[in-house]
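Step one of this worksheet: look at the structure below.
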Amino acid sequence: MDLFTLDHNLRSACERVTACQHDVLSQREQVRELERCRLDASVARALLQIYEDSKDMAVANRDSLAQTMAMAQANDDHETVVEIDVLYSLAA
């Protein structure tokens, strides 16, 4: 895979992590609100677990792509180096 494709995939992975983080935070708020109102939050908690698992997979995918990108950059001095730290900050 060339550096351009890796860069594109890594940026997409960072965006997925950000979206997952947003989903987790939103769902946590839903669980808190249901519990505050003393309503059954079991389905909301189950969905929260799914969102957290999804976020964990997205983070693992992003980290794997970042590692692949770093190795590819180390082996290819003809391409423009993309700052991995900048890409991580996009997902923070």
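For the structure I just gave you, tell me whether residue 71 is assigned to a helix (DSSP H, G or I), surrounded by fewer than 16 Cβ atoms within 10 Å (Cβ to Cβ) and modelled with pLDDT under 95.
Working: assigned to a helix (DSSP H, G or I): yes; surrounded by fewer than 16 Cβ atoms within 10 Å (Cβ to Cβ): yes; modelled with pLDDT under 95: yes.
Answer is yes for this residue.
Considered as a group, the residues in region 1-31 that are closer than 20 Å to residue 65 by Cβ and of a type in the set (S, T, N, Q) include one that is surrounded by the fewest Cβ atoms within 10 Å (Cβ to Cβ), and that residue is 5. If you go through region 40-61 and keep only what is in contact (Cβ under 8 Å) with a residue 40 or more places away in the chain and not hydrophobic (A, V, I, L, M, F, W, C), you end up with just 61. All told, residue 34 falls short of being surrounded by 12 or more Cβ atoms within 10 Å (Cβ to Cβ) and either closer than 26 Å to residue 72 by Cβ or in contact (Cβ under 8 Å) with a residue 12 or more places away in the chain (or both).
Listed here are the residues, each with its yes/no results for (1) touching a Lys or Arg at 6+ places or on another chain (Cβ under 6 Å); (2) outside any helix (DSSP H, G or I).
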residue: 19; (1), (2): no, no
residue: 24; (1), (2): yes, no
residue: 40; (1), (2): no, yes
residue: 56; (1), (2): no, no
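The values are calculated or read from the model by the stated rules, or taken from the named source; none is laboratory data. Values in this document were obtained by computation on a predicted structure and should not be read as measured data. Every residue, glycine as well, gets a Cβ built from its backbone with ideal geometry; the counts of neighbours run over all protein chains shown.
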